Amino acid sequence: MQLIDPCDETRTVSVKNLRVETTDNLKQLVEDVSLELLPGEILGVVGESGSGKTTLGLALLGHCRRGLRIGAGTIRVGGELLSDKGPSELQRLRGRLVCYVPQDPATALNPALRIRTQLAECLDKNGSGRNISLEDLLEDVMLPSGAGFLHAFPHQLSGGQLQRVAIAMAFAARPRLIVMDEPTTGLDVSTQSHVLKTVRRLCESHRVAAVYVSHDIAVVASIANRTAVVYAGRIVEMGPTASVLFDPSHPYTRALIRAVPDIDSTATVSGLAGQAPDGGADLKRCSFVPRCALAVPACRATVPPAVPVRPGHEVRCLRAADREHIHERSRLLPEETGSRSNTLLDVRQLTASHGNAKILHDITFKIRAGECVGVVGTSGSGKTTLARSLAGLHEDARGQVIYRDSELVSGTRNRDADARRSIQYIFQSPYGSLNPRRSIGASVATALSQLTTVPAAERRARVLKAFDQVALPASAIDRFPHELSGGQRQRAAIARALIVDPDFLICDEITSALDVSVQARIMELLGELQREHGLTMLFVSHNLAVVRSIAQRVLVMQHGRIVESGLTEAVLTNPSAAVTRQLLQDAPRFSCARSAEYLEEHDVV
Amino acid sequence: MLKFTSAISPLMTLICRRIAFGALTLLILSMLVFFATEILPGDAARVVLGRAANETALQALREQLHLDEPVAARYWHWLVNICTGDFGTSLVNGRPIAELVASRLMNSAVLLVLTTGLTIPLAVGLGVFAALRRGRRSDSFLSVAALVVASLPEFVIGIGLIIVFATVVVQWLPPVSMVPPGTSVFARPLVLVLPTLTLGLVSFPYIFRMIRATMIDVLESDYMEMATLKGLPRWRMTFVHALPNAVAPAIQVVALMLAYLAGGTVMIEYVFGYAGLGQGLMNAIQSRDMPVIQVIVLLLAAFYVLVNLAADIVTILVTPKLRTGTW
Ligand SMILES: Nc1ncnc2c1ncn2[C@@H]1O[C@H](COP(=O)(O)OP(=O)(O)O)[C@@H](O)[C@H]1O
Ligand code: SF4
Ligand SMILES: [Mg+2]
């Protein structure tokens, strides 16, 4: 953003006025981006999905997806001007000077090639100069380096292992810059924590600069020295991570921070109003105008320039200096129902098995009407099986489940229509509840016609109302599941559950695959339903911060048993089980923004 | 029992299951073939001999076909006979069907092998080539050409080739591909050219387009983008990263096309008067020669099942995800 000498050799990366546009020149997906990185420095790039993070990250390797091109600007990495190179020269520099860690290694690693082959070709590129063995590479990322592991194919490894293989591949050539695109999205917290630590250690020890792309500010907070917030293709705020997180100056940054649940605070999240832009910068005005509560007429007249609010911290907002509009993060604790209300669900000695393997042992707990009970635990601890057993979807379950004074039989088919309406279940993957061959509207309406007596004439109106509740555009009603984004599909699945006015909602990791801003909206909606309509919930998640922001009570599971339970506050501030402590320790948190010393220096907060 | 099954590798279990499934399919097909041709309304003997047949001939035929026995028993005898290599005799000339079918089978096989041997490498090669150059001029040209050829029915292609190469335009090749009974087609190799060309043209666009689509899927995949970002050389991207992933789908395409060709030969052999199985089937249908129809249809069906079986097994063997369990 400030003028950078393009030949400054002390900087590993220097990007000036970069623009990535569609080849038909209609959209500028990355617009006027300038940034620089020192050796060993990690720059976090955050923004909602569709904001252009991936496009920006790929451009740093001189790569554009089909239909896109670098329209303007310079990219210099380690003394090489990438933006000037031809395809074959770029191909030579990639994997040596700049490397890439993909978002989803399960699809980015070649399914037909062994890990050995895929790792070794990263070394070959490196030439004969260095003496790094495959074993060293795997040790660097704490993977077993035995022949067996190297001999494996990608599908034989877990998500966390694959991601570490991808990271090993990126560090193999000891490049000057590594671009990581949401490398931990989709991993559970402990794996994520491992991966983050590994990346930080490697960047430091090998003096590699990194660009770390994520939609989750909490993750960026725990790894990046500096943070850039991207909105509609532009960097709207960039500065030292602590400065950006604890003293955000752009309204969008503030909204984004409010959308992320913080493990250390009881504040509820609040979603961002309005729709995320569908790609492309506005060249005439501030792109954030449609969603900005602070917009003034001047915002529609120009694109706000990047101005420093503090040394090294720049913001693109005309009202950045206006400080009075900043209010505290709301600290609204979801109300506790206490012992006032009746028990809605009473689970006694529930056990469940898959074939010969016993998955759940002796699960006993109660849920009172109107409360939200969170279920946390590492992956494989039996959370989903518990949720499915209560929903009647797990056939092989024993024990007593008493719902409103009568015993629930297992198997949804054996339950009467009212019980089926009253208890709704939302899957982790929305594909489970949406028929791929029917429009979203039809799928949602089916729930109405099967479980309620709502007359056909009113159904469409009810569907639209449910869409509105979950912030789905009305136009989605005629679209098919594959035509929606992951977040929209999940919201459609939620609409399908809510439309029948359930009394008890079972949510299984419903926000894990979503963007933080979409997640925030859904959390807000669920909180509202709970407060205003007395909806009772069982909320399964591996993300403690999310659970903390919605659940009054929490159950911690391990190996199919409840190892700890109690009020969320009590459990999280004073955990007794070892798993709970581990989960808390692994959760990414704002407070570990690395440049804590910066805060003291500049007297922020 | 448990121990025993776990001792066999999952791979073998998978393959054995697939083979068992193939055998079952064949059995069901044999029933379909038998009952479809056997259970005709009214008197089968009369259907075969026609309305004007006299009573003694009808009676003789009924005995020969064991029409007095229950259907299930007839099917059983027929199946056992076929399995032991006794295909029965033709109703038309009383000769053993095995003898009749053997030379035709040979001729058809020659046609099929020639066609696949020429078409598959060409179509696969061009399909991969077009995919690698997708969107460019060479790709568009190939794709349009394939589309045009694919839109022509096979007999139109056959007759068109006859007109061009054998009658009206030039007369380089024989318009019909008849060989005297008993002589090998290799005695007159020229008769093979037009049928092979026709079958090749019929199957080329199909394979070409499927391979091109498969290869494009592979090339647009995340792992190919990753290969680009790893800075791998082009040849390595194509041959080490892309092609191995296209093999399994390509095998399925080839199997489908082989199965299709087995049916396609019926029409082509008829057009060219080529003495293959297809023509034999047509003749048998015209003369209502039930046992011959049954045997030929069963042979075609068996070919179909075997090709698919082989394709599935090879697919299992070349796909790591199917071949290996979890590490
Ligand atoms: N190849 C492409 N052609 C046209 N538009 C694209 C292409 N790839 C992505 N886009 C659009 O660019 C915007 C930014 O996408 P992306 O960089 O993937 O965002 P992010 O990584 O932040 O989710 C999106 O609106 C997307 O629809
Ligand atoms: S420039 Fe105006 S519209 Fe843009 S973020 Fe600032 S106040 Fe809002
Ligand atoms: Mg992205």
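The values are calculated or read from the model by the stated rules, or taken from the named source; none is laboratory data. These numbers were taken from a predicted model, which means no experiment stands behind them. With ideal geometry, Cβ positions are generated from the backbone for all residues, glycine too; neighbour counts draw on all protein chains shown.
Figures for the structure shown
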{"quantity": "Qualifying residue in the stretch A:167-190 (condition: within 16 Å of ligand 2 (Cβ to nearest atom) and within 29 Å of A:Ala259 (Cα to Cα))", "calculated": "no"}
{"quantity": "Selection status of A:Glu36, within 14 Å of another protein chain (Cβ to nearest Cβ) and free of Cβ contacts under 8 Å to residues at least 40 places away in the same chain", "calculated": "no"}
{"quantity": "Test: residue in the stretch B:184-201 that is of a type in the set (Phe, Trp, Tyr) and at pLDDT below 90", "calculated": "yes"}
{"quantity": "Given (1) more than 20 Å from B:Val128 (Cα to Cα); (2) facing another protein chain (nearest Cβ under 10 Å), index of the condition B:Leu243 fails", "calculated": "(1)"}
{"quantity": "Some residue of the stretch B:145-153 being surrounded by 19 or more Cβ atoms within 10 Å (Cβ to Cβ) and within 14 Å of chain A (Cβ to nearest Cβ)", "calculated": "no"}
{"quantity": "Among the residues listed as B:Val202, B:Val185, the single one being more than 26 Å from B:Ala145 (Cβ to Cβ) and crowded, with 18+ Cβ neighbours inside 10 Å", "calculated": "B:Val185"}
{"quantity": "Residues of the stretch A:246-284 that turn out to be within 16 Å of ligand 3 (Cβ to nearest atom) and of a type in the set (Gly, Ala, Ser), as a count", "calculated": "3"}
{"quantity": "Test for A:Thr364: is it at pLDDT 80 or above and either surrounded by 14 or more Cβ atoms within 10 Å (Cβ to Cβ) or of a type in the set (Val, Ile, Thr) (or both)", "calculated": "yes"}
{"quantity": "Candidate set: the stretch B:139-171, residues that are within 15 Å of B:Val202 (Cα to Cα) and outside any helix (DSSP H, G or I); chosen: the one nearest to the chain's Cα centre (by Cα)", "calculated": "B:Pro153"}
{"quantity": "Residue check for A:Leu60: within 13 Å of chain B (Cβ to nearest Cβ), away from ligand 1 (no atom under 16 Å from the Cβ) and surrounded by 21 or more Cβ atoms within 10 Å (Cβ to Cβ)", "calculated": "no"}
{"quantity": "Residue within the stretch A:116-125 that is in a helix (DSSP H, G or I), modelled with pLDDT of 90 or more, hydroxyl-bearing (Ser, Thr, Tyr) and in the same structural domain as A:Ile263 (by the TED database) present", "calculated": "yes"}
{"quantity": "Residue within the stretch A:105-122 that is more than 14 Å from chain B (Cβ to nearest Cβ) and under 24 Å from A:Ala168 (Cβ atoms) present", "calculated": "no"}
{"quantity": "Unique match (being touching a helix residue (DSSP H, G or I) at 6+ places or on another chain (Cβ under 7 Å), on the phi > 0 side of the Ramachandran plot and not basic (Lys, Arg)) among A:Gly44, A:Gly62", "calculated": "A:Gly62"}
{"quantity": "Count of the stretch A:63-79 residues which are more than 28 Å from the chain's Cα centre (by Cα) and surrounded by fewer than 19 Cβ atoms within 10 Å (Cβ to Cβ)", "calculated": "6"}
{"quantity": "Residues within the stretch A:447-476 that are closer than 14 Å to A:Asp501 by Cα and surrounded by fewer than 21 Cβ atoms within 10 Å (Cβ to Cβ), tallied", "calculated": "10"}
{"quantity": "Yes/no for A:Leu90 being within 16 Å of ligand 1 (Cβ to nearest atom), surrounded by 18 or more Cβ atoms within 10 Å (Cβ to Cβ) and assigned to a helix (DSSP H, G or I)", "calculated": "no"}
{"quantity": "The stretch A:179-209, subset within 16 Å of ligand 3 (Cβ to nearest atom) and not acidic (Asp, Glu), residue modelled with the lowest pLDDT", "calculated": "A:Gly186"}
{"quantity": "Residue match in the stretch A:86-100 (condition: in contact with a Phe, Trp or Tyr (Cβ under 9 Å, 6 or more places away or on another chain), more than 13 Å from ligand 3 (Cβ to nearest atom), hydrophobic (A, V, I, L, M, F, W, C) and within 14 Å of chain B (Cβ to nearest Cβ))", "calculated": "yes"}
{"quantity": "Any chance A:Asp84 is away from ligand 1 (no atom under 16 Å from the Cβ), at pLDDT below 95, more than 16 Å from A:Ile235 (Cα to Cα) and over 29 Å from the mean Cα position of the chain (by Cα)", "calculated": "yes"}
{"quantity": "Which listed residue, of A:Val230, A:Val208, is of a type in the set (A, V, I, L, M), within 16 Å of ligand 1 (Cβ to nearest atom) and farther than 30 Å from A:Arg581 by Cβ", "calculated": "A:Val230"}
{"quantity": "Test result for A:Ser83, of a type in the set (S, T, N, Q), away from ligand 2 (no atom under 16 Å from the Cβ), part of a strand (DSSP E or B) and more than 14 Å from chain B (Cβ to nearest Cβ)", "calculated": "no"}
{"quantity": "Residue count, the stretch B:173-229 (criterion: more than 14 Å from chain A (Cβ to nearest Cβ) and outside any helix (DSSP H, G or I))", "calculated": "13"}
{"quantity": "Boolean, A:Leu134 is closer than 30 Å to A:Ala242 by Cβ and away from chain B (no Cβ under 11 Å)", "calculated": "no"}
{"quantity": "Check on A:Pro111, buried (at least 20 other Cβ atoms within 10 Å of the Cβ), at pLDDT 90 or above and not hydrophobic (A, V, I, L, M, F, W, C)", "calculated": "no"}
{"quantity": "Helices (runs of 4 or more DSSP H) contained in the stretch B:11-125 and holding at least 1 residues among the aromatic types (Phe, Trp, Tyr)", "calculated": "B:71-83"}
{"quantity": "Filtered residues of the stretch A:63-80 (kept if among the charged types (D, E, K, R) and either assigned to a strand (DSSP E or B) or more than 16 Å from ligand 1 (Cβ to nearest atom) (or both))", "calculated": "A:Arg69, A:Arg76, A:Glu80"}
{"quantity": "Residue that is in contact with a Phe, Trp or Tyr (Cβ under 7 Å, 6 or more places away or on another chain), at pLDDT 90 or above, closer than 19 Å to A:Val230 by Cα and within 16 Å of ligand 3 (Cβ to nearest atom), where the choices are A:Leu68, A:Leu29, A:Leu61", "calculated": "A:Leu61"}
{"quantity": "Count - residues of the stretch A:19-57 that are part of a helix (DSSP H, G or I) and either surrounded by fewer than 21 Cβ atoms within 10 Å (Cβ to Cβ) or within 6 Å of ligand 1 (Cβ to nearest atom) (or both)", "calculated": "3"}
{"quantity": "Leading residue by the ranking (nearest to the chain's Cα centre (by Cα)) among those in the stretch A:395-454 that are at positive phi and either outside the structural domain of A:His354 (by the TED database) or touching a residue at least 12 places away in the same chain (Cβ under 8 Å) (or both)", "calculated": "A:Gly411"}
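Matching residues to (1) part of a loop (DSSP other than H, G, I, E, B); (2) charged (D, E, K, R); (3) closer than 19 Å to A:Ala419 by Cα:
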| residue | (1), (2), (3) |
| --- | --- |
| A:Ile506 | no, no, yes |
| A:Ala520 | no, no, no |
| A:Leu525 | no, no, no |
| A:Arg531 | no, yes, no |
| A:His542 | yes, no, no |
